[in-house]
Amino acid sequence: MNDKASQSPATPLLGAGEIRRLAEELGIRPTKTLGQNFVIDGNTIRRIVSAADVDPSETVLEVGPGLGSLTLGLLDAAKHVVAVEIDPVLAARLPETIAQWRPERVDSYDVVQADALRVTELPADPSALVANLPYNVAVPVVLHLLAQFPSIRHGLVMVQDEVADRLAAPPGSKVYGVPSVKAAWYGTMRKAGVIGMNVFWPAPKIASGLVAFERHDPPQTSASREEVFAVIDAAFAQRRKTLRAALAGWAGGAARAEEALVSAGVEPSARGEVLDIHAFARIAEGKPKP
Ligand code: SAM
């Protein structure tokens, strides 16, 4: 494991005082809509960077650098950081913060002012995604970036703790659902810790969770990702129903749904919450022709 950041406690990181000063100087009031909760604790940053296991040869994509807390930590561990920030005021200030705190790394980053949900091109190919994500769009951002940038091989994201549990849930678990199955299309997700509320400004009302992931090949299937995801959406839209009933709309009737389930080797009276991504792929393959 690359433990460079945690081994260098002398490396200055932004604390509560610096974050408040920066926010005051910029006249910003953190907004809930953009999930703006800034990390004010250097040890938390070191913990995130260490858990992300970034190699010094890597280009890291950071979504939502905010005031730069995590960006500075990532610059200590990676070769290059590409930071995508939607807020124009924060995006414009980041270069100055880096110049002040990491003057030796001013050639090692790019800032892109964009919505991470829509970004389709980056100035460099990232091999890792490491981010303290805006909570209200965390799952769609992760799914979009994994779909859009196949160069991302691994990563670590901080999200609401309950979302972390959902992303990492195995089939059959109470919190297994659409995020768990779709994320499993791309990779293996693992819960990598819980972060308390008081390391943020402003403090959120709920704890945060870390999710580490490793990309793997998608399931081998003749169905497209969109076709497989359509089955997942249908199965969980009515999660208390049997798959035979829940997939009736998708298949063009309950009898056709049963046919697709049987040919996929899935019990028609089962519920979606027990199926893994491979089973959903097999069901999508067997969709009856209209
Ligand atoms: N990385 C900083 C930290 O750890 O202190 C800030 C994290 S804060 C939870 C989320 C950041 O994401 C904010 O800076 C916010 O402006 C930004 N953001 C929100 N929605 C975004 C989007 N759709 N695309 C890119 N950035 C976004």
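The values are calculated or read from the model by the stated rules, or taken from the named source; none is laboratory data. Just so it is clear, the model here is predicted, and its values are computed rather than measured. Ideal geometry is used to build each Cβ from the backbone, glycine not excepted, and the neighbour counts take in all protein chains shown. Quick note on the areas: whole protein, heavy atoms, side chains included, nothing else; ligands and nucleic acids left out. Shrake-Rupley method; radii C 1.70, N 1.55, O 1.52, S 1.80 Å.
Using a probe radius of 1.4 Å on heavy atoms only, what accessible surface per residue do you get for the stretch 45-159? Whole Å² is fine.
34 Å²
What length, rounded to one decimal in nm, is gained on full extension from residue 79 through to residue 217, with 0.36 nm per residue of separation minus their alpha-carbon distance?
Numbers: separation 138, 0.36 × 138 = 49.68 nm, distance 2.57 nm.
Net length gain for the segment: 47.1 nm.
Each label point is 7 Å from the Cα along the Cα-to-Cβ direction; what then is the distance between the points at residue 270 and residue 29, in nm?
Going by the 7 Å Cα→Cβ label model, 5.2 nm.
Going 7 Å from the Cα of residue 21 in the Cα-to-Cβ direction, what parts of the stretch 62-96 have a backbone nitrogen less than 11 Å from that spot?
The answer is none.
Test of the criteria: in the stretch 199-265, which trypsin sites (Lys or Arg not before Pro) are in a DSSP loop and have at most 10 other Cβ atoms within 10 angstrom of their Cβ?
Of the trypsin sites (Lys or Arg not before Pro), the ones in loops of the stretch 199-265 whose Cβ has at most 10 other Cβ atoms within 10 Å are 205, 240.
HN-Hα J couplings of the stretch 61-69 from phi, Karplus 6.51/-1.76/1.60, θ = phi - 60°, integer Hz, Gly and Pro as x?
Ordered by residue, 3J(HN,Hα) equals 8, 10, 9, x, x, x, 8, x, 3 Hz.
Work out, step by step, the length gained on full extension between residue 206 and residue 96: first 0.36 nm times the residue separation, then minus their alpha carbon distance; give nm to one decimal.
Between residue 206 and residue 96, full extension yields an extra 36.4 nm.
With the full set of protein chains in place, find how many percent of the accessible area of the stretch 1-147 is carbon and sulfur; take the probe as 1.4 Å.
50 percent
Report the FRET efficiency, 1/(1 + (r/R0)^6), for residue 233 and residue 136, where r is their Cβ-Cβ distance and R0 is 25 Å, rounded to 0.05.
Once the sixth-power term is evaluated, E becomes 0.80.
Can you give me the distance in nm between label points at residue 174 and residue 120, each placed 7 Å from the Cα along the Cα-to-Cβ direction?
Going from the residue 174 label point to the residue 120 one covers 4.3 nm.
Determine the relative contact order of the stretch 32-158: mean sequence separation of Cα pairs under 8 Å and six or more apart, normalised by residue count, in whole percent.
28 percent
Would you mind getting the accessible area per residue of the stretch 209-290, heavy atoms of the protein chains only, 1.4 Å probe, in Å²?
Solvent-accessible surface per residue comes out at 51 Å².
Over the stretch 154-290, with every protein chain in place, what whole percent of the accessible area is carbon and sulfur at 1.4 Å, could you tell me?
It is 52 percent, rounded to a whole number.
Using a Förster radius of 25 Å, what is the FRET efficiency between residue 112 and residue 240 based on their Cβ-Cβ separation? Nearest 0.05, please.
After rounding to 0.05, the efficiency reads 0.05.
Which of the lysines could a cross-linker bridge to residue 182, judged by Cα under 23 Å and excluding same-chain residues fewer than eight apart?
174, 191, 241, 287
Defining a contact as two alpha carbons under 8 Å apart and six or more residues distant in sequence, what relative contact order in percent does the chain show?
Numbers: 549 pairs, mean separation 41.5, N = 290.
Worked out over the chain, it gives 14 percent.
How high is the FRET efficiency between residue 198 and residue 57 when r is their beta carbon distance and R₀ equals 22 Å, given to the nearest 0.05?
On the way: r = 35 Å, r/R0 = 1.58.
The value I calculate is 0.05.
In a Gaussian network model over the chain where Cα atoms closer than 10 Å are linked, find which of 64, 252, 155 has the largest mean-square fluctuation.
Top of the fluctuation ranking is 252.
Name the long-range amide H neighbours of residue 195: under 5 Å, sequence gap of 5 or more, or other chain; modelled H, no Pro or chain starts.
208, 209, 210
Cα centroid distance between the stretch 121-139 and the stretch 216-281, in Å?
29 Å
Which percent, nearest 5, of DSSP beta bridges in the chain are antiparallel? Each step should come with its number before you reach the end.
Details: 17 of 34 bridges.
Here the share of antiparallel DSSP bridges comes out near 50 percent.
Quick one: which residues, 5+ away or cross-chain, put their amide H under 5 Å from the amide H of residue 109? H built at 1.01 Å from N.
Those lying under 5 Å, H to H, from residue 109 are 81.
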